[in-house]
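J.: The following block contains the structure, expressed as structure tokens.
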Amino acid sequence: MKHDRQYHGGVERLRSPERLGLLDVDRVVNLSLQGIGAKEMLDVGTGSAIFAEAFARQGLTAAGVDANPEMVEAASRFVPQGEFRLAPAEALPYPDGSFDLVFMGVVLHEADDPLKALQEARRVARLRVAVLEWPATEDSHGPPMADRLTPERVHSLAGEAGFVQISTHQLPHVNLFLMEVGAGIPD
């Protein structure tokens, strides 16, 4: 499946210390896991597996998909115990309810069909989908303004995808959206 909007920069740029600081990786991982007791996670649009690697450090079994074969190869190098596959966010190659947590790290804005990507994430998630996005403000990092998703747009897409409980965490340089799949998940 051809995927029109994908990252074409190098692995080094994805893993630069400056970018890692902006992504607030440890805080994002902790917030994503808070209150759900996750054991398995899927990193959609894994890139060089920055987040899959961080979740694996927390003891989770990590898997990932990316539409770029070079990124799948890089992810496998950085997280050799993980399972990484070539696939777009809109067509995840897993059965329903395969993962406790599905994580989408600064990738929803790159999806050819963001609604379909969220529907697929919800389909394969048992407990939660976590979506990390750059804020819809002009700054020197992240995608062009035209590609950014406002919190209102993310909430609207999440509602259309069938999520009823959605929380937003505004961090200094990114926004984290937690979308609950199961009933009775604590805040």
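J.: Based on what the data block shows, is GLY45 over 16 Å from the mean Cα position of the chain (by Cα) and of a type outside the set (S, T, N, Q)?
T.: Values: over 16 Å from the mean Cα position of the chain (by Cα): no; of a type outside the set (S, T, N, Q): yes.
No.
J.: For the stretch 1-28, name all the residues that are at pLDDT 80 or above and within 25 Å of ASP113 (Cα to Cα).
T.: Answer for the stretch 1-28, where residues must be at pLDDT 80 or above and within 25 Å of ASP113 (Cα to Cα): LEU23, VAL28.
J.: Does the stretch 79-100 hold any residues that are surrounded by fewer than 20 Cβ atoms within 10 Å (Cβ to Cβ), in contact with a helix residue (DSSP H, G or I) (Cβ under 6 Å, 6 or more places away or on another chain) and over 24 Å from MET179 (Cα atoms), and which are they?
T.: LEU86, the sole residue that qualifies.
J.: Would you point out the residue of the stretch 101-145, among those that are within 18 Å of ASN68 (Cβ to Cβ) and among the charged types (D, E, K, R), that is surrounded by the fewest Cβ atoms within 10 Å (Cβ to Cβ)?
T.: By that ranking, first place goes to ASP113.
J.: What do you reckon, is GLY105 among the small types (Gly, Ala, Ser), in contact with a strand residue (DSSP E or B) (Cβ under 7 Å, 6 or more places away or on another chain) and at pLDDT below 95?
T.: no
The values are calculated or read from the model by the stated rules, or taken from the named source; none is laboratory data. The structure presented is a predicted model; accordingly, all values stated were derived computationally and were not measured. Please note: Cβ atoms are built from the backbone with ideal geometry, for glycine as well, and neighbour counts cover all protein chains shown.
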